[in-house]
Amino acid sequence: MNPMTCRRAVELLIDYVSDELSVEERLLLESHFQKCPPCLIYLQSYQVTIKLTRQLPREAPIPAEMECRLLDVLKAAQTAEQAARMQPPP
Ligand SMILES: [Zn+2]
């Protein structure tokens, strides 16, 4: 199996939070998070975003305050992703 890279970790993130990864992929991803803080931050930001999104009532407009918080979270996630990309390959 290919070694887990930041790029791969970000790609698998959606499946990870949706609980759709195989056990092997999940373990690889979790061990990557343990040694790669930017990816861990990205994961946490992603989970917060999902949590906030799920709290919204369906078809209701997003309250301005919530939108600001979401944007902050997304911004933090993007920063973490950029930091991860700038890391030299292992
Ligand atoms: Zn990483």
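For this structure, a couple of remarks:
- A viscosity of 1.002 mPa s and a temperature of 20 °C, combined with the Kirkwood radius over C-alpha pairs in the Stokes-Einstein formula, give the chain a diffusion coefficient of 152 µm²/s.
- Dipole magnitude (debye, nearest 20) for the chain, charges at Cβ of Lys, Arg, Asp, Glu: 240
- Approximate spin-label separation V17-E30, in nm, with each point projected 7 Å along Cα-to-Cβ: 1.9
- Over the chain, Cα pairs under 8 Å with separation of 6+ residues give a relative contact order of 37 percent.
- Summed over qualifying helices (DSSP H, 4 residues or more, each -39500 (n - 2.57)) and divided by its residue number, the chain shows a 222 nm mean residue ellipticity of -25000 deg cm²/dmol.
Read-outs throughout are calculated quantities, based only on the coordinates presented, and are distinct from any laboratory measurement. Predicted model, so just to flag it, every value in this text is computed and none were measured. Glycine also receives a Cβ, built like all others from the backbone with ideal geometry; neighbour counts cover every protein chain displayed.
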